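So the structure is just underneath, and the comments pick up after that.
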Amino acid sequence: MAHRFPALTSEQKKELSDIAQRVVANGKGILAADESVGTMGNRLQRIKVENTEENRRQFREILFTVDSSINQSIGGVILFHETLYQKDSQGKLFRNILKEKGIVVGIKLDQGGAPLAGTNKETTIQGLDGLSERCAQYKKDGVDFGKWRAVLRIDNQCPSHLAIQENANALARYASICQQNGLVPIVEPEVIPDGDHDLEHCQYVTEKVLAAVYKALNDHHVYLEGTLLKPNMVTAGHACTKKYTPEQVAMATVTALHRTVPAAVPGICFLSGGMSEEDATLNLNAINLCPLPKPWKLSFSYGRALQASALAAWGGKAANKKATQEAFMKRALANCQAAKGQYVHTGSSGSASTQSLFTACYTY
Amino acid sequence: MPHSYPALSAEQKKELSDIALRIVAPGKGILAADESVGSMAKRLSQIGVENTEENRRLYRQVLFSADDRVKKCIGGVIFFHETLYQKDDDGVPFVRTIQDKGIVVGIKVDKGVVPLAGTDGETTTQGLDGLSERCAQYKKDGADFAKWRCVLKISERTPSALAILENANVLARYASICQQNGIVPIVEPEILPDGDHDLKRCQYVTEKALSDHHVYLEGTLLKPNMVTPGHACAIKYSPEEIAMATVTALRRTVPPAVPGVTFLSGGQSEEEASLNLNAINRCPLPRPWALTFSYGRALQASALNAWRGQQDNAGAATEEFIKRAEVNGLAAQGKYEGSGEDGGAAAQSLYIANHAY
């Protein structure tokens, strides 16, 4: 039974699929620089820098004006709304700087969580109202992909069936609307690492969540070849006393994915959650070396795990620009190698790169 | 297994259930006066009146200045956002006038339909973003119930599974959020009258979604269409046949816990809407819920026509409204004997293709 009311023409499908593939080609990954104002506040507070629009602009300027060779490891950057319209000190728009380096520009589209009554403090995500119009405007303004983060948590009676269904449905609606407007949707159903559950339990939950997400995407006629997935890696909860190796994390992660993610999805770009920079790289590397079949690109979409050292090096001082850019470039290259299974741990990482970046119940 | 994370306390449940029962007390129904600015444009243009905020205020004043005769037949009024903050010529807020008559104030909270890609022109309804905060504010401003309209259409390939699933889900989210804020949600899954009906399936799925979202049914009202043939259908049906089909469908899908079913009038004429409601209330099948009205056009058509934007006609227009309200109050008890007359606005079909409120 052929579908008589196709959501997209072949031209639209081709455009979406091309964008998605460009983002994850040749080991490239994504810099998630879409921290909301509040979240940037947390980051800047740690390095004792005031959370002003100018300081946020300055830090992003340092990252985006790094040498063009960054385009070998970074295929896309996710921006927050404010940043999309900011410029460097010469008055050039950030989004043009990125595009000239051949980097695809993305935008955070969700509008935060809302409680699900009758559950153990679970949430769904808002942002669907007027989303089509917002996407159309962002597309005009140079954006080619969107991001939407749903949050599931592991706890007593969590995630509930309702939380899984509701978040999967909202993700599917968002994805459908993005595609109607020429934006590739990054689908992010994060199972957060809060809790003391072990690796096996996280794997079980991640499989349930991903299965529901792909069922919803199918129900909503979403074109999978024109999407990217941004899941959590499968890890034990942060309060779990048992420790696991990158190989164990890799095996659990790839097992979960190959049971639930259709091969049509071009790329899976993991979030780093609270992992240190080094762990995020080591785990990604192990994932790419895992002997199971892996029909999708397995790459990164890191925020904290790409920027922690850079932030520490910057400390809010323009004089530290070079050191900041070097720190950022180093992590970008390391993760690009990891995305090809070629990362060699040098052992000389600084304190910022191994420090756990865990913040309880993280909201961007 | 008892539910460990109750959505509502016993007090919250009681408040919601009490509000719902007040609205659908015996012989009472709802005046749907929540036409958006765009919908009012159509109504007013039919009587040659300009669609200004002042004219909309004057028109609603015609309805709300009805005397105490409406107390026994109107249990609730649904407002549009603009109207909730308007006042009459003496500076008295409409909300207060309505409340002083012992009538419950309601508010339309949805933000219209948006397309579902990959379907045959089907839609879902938006309005969930920030809905909790809006409900909290409306509750402070005097509203005790809300309304959200979803639209499904019948054709060869619709409603699709996606449309039913998505609309039922969005209705359930809306209902859950309303109840968290002390507001009774009227759940309106309207199936447009364009073909042979699939009311049963849509109703059932809506009930299932409400259940999944932990919605307290005793604190809701359902606003469905009656089961009627499509407008292009050549066969004519009597009010009794419509009543039997409607009540049968409801009995199979609407749990008895729902205190009231308040029908929309769709494109029916004022008289049809009253006769059908009357027949529904005389239907011999057991009916555990109140079966009443939530009419817009079918309560206002004659009033609008009598008014025609002239203040001199206000009194006569208000009388027309009171007349229809009383007739429907009787119909909601199966006590309406019929008008005997067949003229004017009362019998004129009010059907407008693919109506968006």
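The values are calculated or read from the model by the stated rules, or taken from the named source; none is laboratory data. Computed from a predicted structure; not experimentally measured. Note: ideal-geometry Cβ built from the backbone for every residue, glycine included; neighbour counts use all protein chains shown. These area figures cover heavy atoms from the full protein model, side chains too; ligands, DNA and RNA do not enter into them. Shrake-Rupley method; radii C 1.70, N 1.55, O 1.52, S 1.80 Å.
Here are the numbers:
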| read-out | value |
| --- | --- |
| Cβ-placed point charges (K, R +1; D, E -1), dipole of the protein assembly as shown about Cα centre in debye, nearest 20 | 1620 |
| Chain A - percent of accessible surface contributed by carbon and sulfur, probe 1.4 Å | 52 |
| For segment A:16-340, size of Cβ-based charge dipole, Lys and Arg +1, Asp and Glu -1, in debye | 760 |
| Net +/- balance of residues flanking B:Lys323 in space, Cβ distance below 10 Å, scoring K and R +1, D and E -1 | -2 |
| Residue-normalised accessible area of the protein assembly as shown, given per residue in Å² at a 1.4 Å probe | 38 |
| Net charge over other residues, Cβ less than 15 angstrom from the Cβ of B:Gln86 (K, R count +1; D, E count -1) | -3 |
| Cβ-Cβ FRET estimate between B:Tyr237 and B:Ser9, R0 fixed at 45 Å, reported to 0.05 | 0.45 |
| Counting DSSP beta bridges with both ends in segment A:16-340, the antiparallel % (nearest 5) | 15 |
| The protein assembly as shown: C-alpha pair distances exceeding 36 Å, % | 48 |
| Separation in nanometres of the label points that stand 7 Å from Cα toward Cβ, at B:Arg308 and A:Tyr204 | 7.5 |
| Relative pair counts by distance (%), Cα atoms of segment B:17-332, 20 Å bins | 34, 61, 5 |
| Positive-end residue, chain B charge dipole about Cα centroid, Cβ charges, pick of B:Pro193, B:Asn169, B:Val105 | B:Asn169 |
| Rel. contact order, % - alpha carbon contacts under 8 angstrom, at least six apart, segment A:16-340 | 19 |
| Accessible surface buried upon A-B contact (total; probe 1.4 Å; Å², nearest 100) | 2400 |
| Sites A:Asp67 and A:Glu247 - FRET efficiency at Förster radius 30 Å, r taken between beta-carbons, to 0.05 | 0.35 |
| Helix-only CD estimate at 222 nm, as mean residue ellipticity for chain A, using -39500 (n - 2.57) per DSSP H run (n ≥ 4) | -13500 deg cm²/dmol |
| Positive-end extreme of charge dipole, chain B - chosen from B:Gly315, B:Gly38, B:Leu217 (charges on Cβ) | B:Leu217 |
| Net length gained if the chain between B:Asn51 and B:Ser155 were fully extended (0.36 nm per residue, minus Cα distance) | 34.1 nm |
| Positive-end residue of A:Cys135, A:Asn51, A:Asn167, charge dipole of segment A:16-340 with Cβ unit charges | A:Asn51 |
| Separation in nanometres of the label points that stand 7 Å from Cα toward Cβ, at A:Glu82 and B:Asp90 | 5.2 |
| Amide proton proximity set for B:Leu291, modelled H, under 5 Å, gap of 5+ | B:Val261 |
